[in-house]
Ligand code: NCD
């Protein structure tokens, strides 16, 4: 029997060797991130310039975990670039519920789309997907590990509000153990000069050992760990609040005991500098009282808007397209 000839002769090994993914903020150099933030700023000012750069391209959003902002901002980003979107919003509505592996799923998605944003409850899932993918994979959150596109959003927000990414005291407050946005933000910020962290959490929810040892201590970054938010507030340029990650707890009692450990109120905001900004990746549960929303320093809704511009810039980079 003769050998079956491939329909199209593509050397997938060569193609994949040069393909970029975003799995961790460190996959991009500081210069590349600066460039993304600059383009995102231009997109905000001149959206029409970018309205057709992805005509004919498709983004797949493969979300095995709940999401509002990340999935919809990815979809809004691709639509804003002239492309289209397809995907699933829960594991139940995909063949994962029949036992299909991430590796097999991404092989299939590679036949249907040009780029994929994936969220998964297991740490490392997006990395596994990238290893088997014929298209760029973006990690849209893998368990309690990393969330690099939230970090791009956070960097754009901080840069827009403070005019710099260096010389900042950043307070990270809440669930620093399971909060993947915190891990990615620390990874990214330590590359800028003169960054100090105040890590505010109960002892049970402190940053994981690998962040403390391999990132903060290894790079000689100034940081302190506190239990008390009031003590930290007067020193901060940025306060990054986070939700206690109920879905990653092993038992409900611990969650109930810890869930309201920090609640930012207008009274507490009086302790902060007039030019300190409050960020939160959202969703908020109780950790920022709704009265704080009126404070001009509350930047979390604006932050969600920045997420669209920066994801537009990211999709363009990974698909290697630009306005003519
Ligand atoms: C965050 C996440 O999914 O990690 N949300 C988001 O993507 N904006 C934060 C959270 O869920 O607490």
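The values are calculated or read from the model by the stated rules, or taken from the named source; none is laboratory data. Predicted model only: the values in this text are computed from it and were never measured. Here the Cβ is made from the backbone with ideal geometry for all residues, glycine too, and neighbour counts use every protein chain on show.
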## Note on the structure
Residue pairs within 6 Å by beta carbon, gap of at least six or interchain, first lying in region 147-176 and under 14 Å from residue 190 (Cβ atoms) and within 16 Å of the ligand (Cβ to nearest atom), second at pLDDT 95 or above and in a helix (DSSP H, G or I), listed first then second, are 151/25; 151/184; 151/185; 151/188; 154/185; 172/182
### Task
Would you mind stating whether residue 184 is under 12 Å from the mean Cα position of the chain (by Cα), touching a residue at least 12 places away in the same chain (Cβ under 8 Å) and in a helix (DSSP H, G or I)?
yes
### Query
Among (1) touching a strand residue (DSSP E or B) at 6+ places or on another chain (Cβ under 8 Å); (2) surrounded by fewer than 18 Cβ atoms within 10 Å (Cβ to Cβ); (3) part of a loop (DSSP other than H, G, I, E, B), which single condition is residue 207 missing?
(2)
### Task
Please work out which residue is surrounded by the fewest Cβ atoms within 10 Å (Cβ to Cβ), limiting yourself to region 252-263 and to residues that are in contact (Cβ under 8 Å) with a residue 40 or more places away in the chain and closer than 12 Å to residue 229 by Cα.
261
### Message
Looking at residue 108 and the list (1) surrounded by fewer than 16 Cβ atoms within 10 Å (Cβ to Cβ); (2) closer than 23 Å to residue 322 by Cα, which single condition is not satisfied?
### Response
(2)
### Query
So, in region 118-146, of the ones that are at positive phi and touching a helix residue (DSSP H, G or I) at 6+ places or on another chain (Cβ under 8 Å), which residue ends up farthest from the ligand (Cβ to nearest atom)?
143
### Query
Only one of (1) part of a helix (DSSP H, G or I); (2) modelled with pLDDT under 95 is not met by residue 1, so which one is it?
(1)
### Message
On the basis of being without any contact (Cβ under 8 Å) to a residue 40 or more places away in the chain, more than 16 Å from the ligand (Cβ to nearest atom) and in contact with a helix residue (DSSP H, G or I) (Cβ under 6 Å, 6 or more places away or on another chain), does residue 313 make the cut?
### Response
no
### Condition broken by residue 84, with the remaining ones in (1) touching a strand residue (DSSP E or B) at 6+ places or on another chain (Cβ under 9 Å); (2) within 16 Å of the ligand (Cβ to nearest atom) satisfied
(2)
## Note on the structure
Selection from region 224-259 of residues touching a helix residue (DSSP H, G or I) at 6+ places or on another chain (Cβ under 9 Å), assigned to a loop (DSSP other than H, G, I, E, B) and within 14 Å of the ligand (Cβ to nearest atom) yields 242, 244, 245, 249, 259
#### Entry: Criterion: away from the ligand (no atom under 15 Å from the Cβ), exposed (fewer than 14 other Cβ atoms within 10 Å of the Cβ) and not in a loop (DSSP other than H, G, I, E, B) - qualifying residue of 293, 275
293
